[in-house]
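One structure below.
We did not get these values from a lab; they are worked out from the coordinates using the rules stated. Since the model is a prediction, treat every value here as computed from it, not as a measurement. All Cβ positions, glycine included, derive from the backbone under ideal geometry; neighbour counts span all protein chains shown.
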């Protein structure tokens, strides 16, 4: 604990009375921190801070619980289960040539011998919380029956139930569906199960089915008051064991550690000196490895043949077994004396160490959270500023329109030429009809000229408004949709949006319909001017009451000239017709009106899209700005209290 090393050094030299006074200071400041939790609860992103603060309060309060947790750990086949049985003076941990203990067990002294299995079907993270709550129940902070989402099954303690609850089921289907969280075993116990002492038997560190990867190991490493590390001649300290020691150093640096070396006498042909040399080397190696993690074993190193101790009760006449059993009794008594006589001091130092360790974790967590908040807020403000600047530029976009209007004039001139050709085609058709039909009366002549103008109108309208992609109207609409006035801005905007991972603006509003244009050519030539026929050059009524084909063709020509205009090539003068004066102007006005209507819509579509992307991007960063700012203020308040907490214990 780098930040609190100066405090650790002070704690090392404190008397029990000074330790209690210091612990009370920690409690008082922790209580002040806890008072802020009510305002923090319910804010999802601060759940980790809430839990860390709650853990701090639990750690500082552990001394009041009175319980003492001894954690027994070691590699698979180190003799750990044998040791647990010997300490408990009962068969509470299965021993087998296979991997035996695959589920954590808590062994304690009780009036009745029983085994209680606690089940949970929660996810892995929740199971860790539940296991932590089980330890809290031992400390007196919580009642077992109040832990949510668990079920409890109590059975008589016997070999069959023990195998079922603690040991390994080889069937994969059973392993995969087992929901045992932890087992609690009560027995009459030996010396080390007196005075509210709990023995926590964990699965082997390097097991195939249960091992250090189980997150419960980290939880229990934070809560133990004393650790017995068991290794054997065949299962000495390893990389996995080192990982556990590192975990213990990070979570519970002041916990006392005892090393028990379980002697296996497999190499019976070796001399006693050779055997002792091997044992000494293995013990020294383990001691050095633990020393690297700042766990000073001092006098807490023992070598025992646990197999002989276990067999001593069955073979009373074998002297070497009885000698080993006597050594175990001395070990048990010695360890009990160290634990019980110093339990207050051990627990005070462990609780203070765990509290300072948790305070450092809370300090780091709050600092990291504030750093994350600041980074998000910087990005939020920068992005909001950039979006707002783009929105300002979008609102100031100007559309000249001169290019479009020039284009409309060019298109319209080309269109009028096509319309003129259409009219001439219908004029030729009308003349042919007149020639084929011979002389006609007034009404028939009017009808023929009217049909010429009606058919020409329909053909022109069809040519302009045809739904085909290449219709004349479509050309205007495409040109309108492809305005270049905002192209540079859209490119700039899309570059920014791409940098932010936003969708690009790739679809301007499309104009689907051209406004209505009057293509009716009836106003070009009034057929009422075609009166009753007269004799040419005399002006008296034609006795036959008919117009000649020449006269009819002349009426058609006059109507055509009124529509298309007259180009006097010999004089260079042009007289505009109805197409130029009325239809052309109508198209020009409709196109420009459409432009004036479309430009604001196009501009607004860019603004709306940019607003939408801004909202989406900022919401992705901060879904609720008000809540974000509240969270930031709370974090800074908690940080101020944590710093004050630290200052008060310097």
Problem - Sequence-separation-based contact order of the stretch 397-625, relative, with Cα cut under 8 Å and 6+ spacing, percent - result: 30
Exercise for the section: Tell me the label-point distance for the pair residue 35, residue 246, using the 7 Å Cα-to-Cβ offset, in nm and rounded to one decimal. Expected result: 4.2
Handout entry: Overall form of the stretch 67-341 per C-alpha gyration tensor (a/c, 1.5; a/b vs b/c)
Key = prolate
Problem - Förster radius 51 Å - calculated FRET efficiency between residue 156 and residue 296 (Cβ-Cβ, nearest 0.05) - result: 0.75
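Please give the length that would be gained between residue 278 and residue 648 if that part of the chain were fully extended, namely 0.36 nm times their separation in residues minus their C-alpha to C-alpha distance (nm, one decimal). Provide the component values of the computation, followed by the final result.
Values: separation 370, 0.36 × 370 = 133.20 nm, distance 5.08 nm.
Result for the pair: 128.1 nm of gain on full extension.
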Exercise for the section: Arrange the following residues from fewest to most other Cβ atoms within 10 Å of their Cβ: 261, 89. Expected result: 89, 261
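In deg cm²/dmol, rounded to 500, what helix-only [θ] at 222 nm does the chain give when every DSSP H run of at least 4 residues adds -39500 (n - 2.57) and the total is split over its residues?
So the helix-based figure for the chain works out to -19500 deg cm²/dmol.
Compute the relative contact order of the stretch 374-488 as a whole-number percentage, counting only Cα pairs closer than 8 Å that sit 6 or more residues apart in sequence.
Numbers: 36 pairs, mean separation 38.7, N = 115.
RCO, the stretch 374-488: 34 percent.
Using 0.36 nm per residue, how much length does the chain from residue 576 to residue 466 gain when fully extended, once their Cα-Cα distance is taken away? Show your work: numbers first, answer last.
Details: separation 110, 0.36 × 110 = 39.60 nm, distance 2.61 nm.
Taking 0.36 nm per residue and subtracting the Cα distance, the gain is 37.0 nm.
Classify the stretch 573-616: rounded, prolate or oblate, from the alpha-carbon gyration tensor (a ≥ b ≥ c, eigenvalue square roots; a/c under 1.5 rounded; otherwise prolate if a/b is larger than b/c)?
Numbers: a/c = 9.09, a/b = 6.29, b/c = 1.45.
In terms of gyration-tensor shape, prolate.
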Handout entry: Nearest-ten-degree value, helix 124-139 long axis tilted from longest Cα axis of the chain
Key = 40
Handout entry: the stretch 383-423-the stretch 323-380 distance, computed between alpha-carbon centres (Å)
Key = 74
Fill in the blank from the handout: Listed with the fewest Cβ neighbours within 10 Å leading, 290, 407 appear as 407, 290
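Going highest first, how would you order 320-332, 344-356, 75-87 by mean Cβ packing within 10 Å? Show your work: numbers first, answer last.
Numbers: 320-332: 16.6, 344-356: 21.4, 75-87: 25.1.
The peptides rank, most packed first, as 75-87, 344-356, 320-332.
What's the ranking of 225-234, 240-249 by average number of surrounding C-beta atoms within 10 Å, highest first?
Numbers: 225-234: 22.9, 240-249: 19.0.
Result, highest mean Cβ count within 10 Å first: 225-234, 240-249.
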Handout entry: Rounded to 10°, Cα long-axis angle of helix 549-564 versus longest principal axis of the chain
Key = 40
Practice task
Would you mind computing, in nm to one decimal, how far apart the modelled labels at residue 288 and residue 395 are, each placed 7 Å from Cα along Cα→Cβ?
Solution key: 7.5
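Which order do the peptides 45-51, 189-195, 144-150 take when ranked by the mean count of other beta-carbon atoms within 10 Å per residue, highest first? Please list the in-between numbers first.
Working: 45-51: 16.3, 189-195: 19.1, 144-150: 13.9.
Ranked by mean Cβ neighbours within 10 Å, highest first: 189-195, 45-51, 144-150.
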Handout entry: the chain: angle of helix 16-35 to the longest principal axis, Cα-based, in degrees nearest 10
Key = 20
Practice task
Consider the candidate values [x] 165, 56, 47; [y] 97, 63, 55; [z] 81, 72, 54; state which one is Cα extents along the principal axes in Å computed from the structure displayed.
Solution key: [x]
Handout entry: Gain upon complete extension [residue 451, residue 414; 0.36 nm per residue less C-alpha separation]
Key = 10.8 nm
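In what order do 202, 550 fall by count of nearby beta-carbon atoms within 10 Å, going from fewest to most?
So the ranking, lowest neighbour count to highest, is 550, 202.
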Practice task
Using label points projected 7 Å from each Cα along Cα→Cβ, tell me how many nm separate residue 586 and residue 623, to one decimal.
Solution key: 5.9
